[in-house]
Amino acid sequence: MRPPPVVLSIAGSDSGAGAGIQADLKAIHANGGYATTAITAVTAQNTRGVRGAWDLPPDAIVAQIDAVLDDFDVRAIKTGMLSNAATIDVVASRIASAACPVVVDPVMIAKGGHALLAADAVEALRDRLLRHATVVTPNRHEAERLTGRSIERVDDAIDAGRALVARGAAAAVVKGGHLPSAPATDVVVTANDVTVLDGTWIDSTATHGTGCTFAAALATRLAAGDDVVDAARAAKAFVTGAIRSGHALGGGHNPTDAFWRGTARS
């Protein structure tokens, strides 16, 4: 049998397993990939919120990345929680020469409102990491922070996507889960084209880890050979199903169900 495409997730750990590395592991495997990891931070959190976060030293992050890249044929890299400028610097230096797609999920705030990116690290993410991104996948609030633009409508999201591409990303997916005028509408922006991905708003509390799940699924589809638009469309369909089948676990923002297709339970 042909081995599954290997995806490297560089992100933080979520003890509640709804977001971060744990969400990435589930989404990558559910989409037919093999997940490898480099943990950047450890958080103590559950569905109600983040109780604490501890950054790993840069040397430990680099050692994990190098261990994976030295042994596996990595077909895509996905970054998540990179909590400070020093972490962003070492990750950027390691992925600069990666011969595979790179998905940058610019994680800034946890679902419960806890900051996961230092205020002085936003500039580092924008100026040092975006230029290595095959795709950057901000939600509305993250796109506003990265571009300095207000995003209220689909056209605003498109303009923000173009600004992110101008910053060096090959493509941007500005997600519409928080878009007032068109919830669940995402836009895919490249240097030459714009694709609007309409969606259906699902009234659900099972939204913990949706950004991580989307980006990990997108990275896995890129690793399998999809182009950016097809990968984004597949990732959107996947996360929509994961929200719709989300688990009633915990008393806050419940986790999505990455295995809603039944692959883990058959």
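The values are calculated or read from the model by the stated rules, or taken from the named source; none is laboratory data. Just so you know, these numbers come straight off a predicted model, no measurement behind them. Please note: Cβ atoms are built from the backbone with ideal geometry, for glycine as well, and neighbour counts cover all protein chains shown.
Counting the residues of region 223-244 that are farther than 14 Å from Val103 by Cβ and assigned to a loop (DSSP other than H, G, I, E, B) gives 1.
Against the conditions (1) in contact with a strand residue (DSSP E or B) (Cβ under 6 Å, 6 or more places away or on another chain); (2) not in a loop (DSSP other than H, G, I, E, B), Asp159 satisfies every one except (1). The condition of being modelled with pLDDT under 95, touching a helix residue (DSSP H, G or I) at 6+ places or on another chain (Cβ under 6 Å), on the phi < 0 side of the Ramachandran plot and not hydrophobic (A, V, I, L, M, F, W, C) holds for only one of Arg140, Arg48, Arg126, Arg75, that being Arg126. With the requirement that a residue be surrounded by 17 or more Cβ atoms within 10 Å (Cβ to Cβ) and either among the acidic types (Asp, Glu) or at pLDDT below 95 (or both), what does region 168-196 give you? Once the filter is applied, which keeps residues that are surrounded by 17 or more Cβ atoms within 10 Å (Cβ to Cβ) and either among the acidic types (Asp, Glu) or at pLDDT below 95 (or both), region 168-196 yields Lys175, Gly176, Gly177, Leu179, Ala182, Ala184, Thr185, Asp186. Please work out if Ala206 is buried (at least 17 other Cβ atoms within 10 Å of the Cβ) and either closer than 15 Å to Val136 by Cα or at pLDDT 90 or above (or both). So Ala206 does not fit the description; no. Taken over region 78-119, the residue count meeting the criterion of being surrounded by fewer than 16 Cβ atoms within 10 Å (Cβ to Cβ), touching a strand residue (DSSP E or B) at 6+ places or on another chain (Cβ under 7 Å) and either within 20 Å of Ala224 (Cα to Cα) or at pLDDT 95 or above (or both) is 0.
Of the numbered conditions (1) farther than 24 Å from Val102 by Cα; (2) within 17 Å of the chain's Cα centre (by Cα), Gly211 fails exactly one; give the number of that condition. (1) is the only condition that Gly211 fails.
Screening Asp127 against (1) part of a strand (DSSP E or B); (2) farther than 18 Å from Gly12 by Cβ leaves a single unmet condition, (1).
When every residue of region 202-222 is checked against the conditions, none turns out to be acidic (Asp, Glu) and in a helix (DSSP H, G or I).
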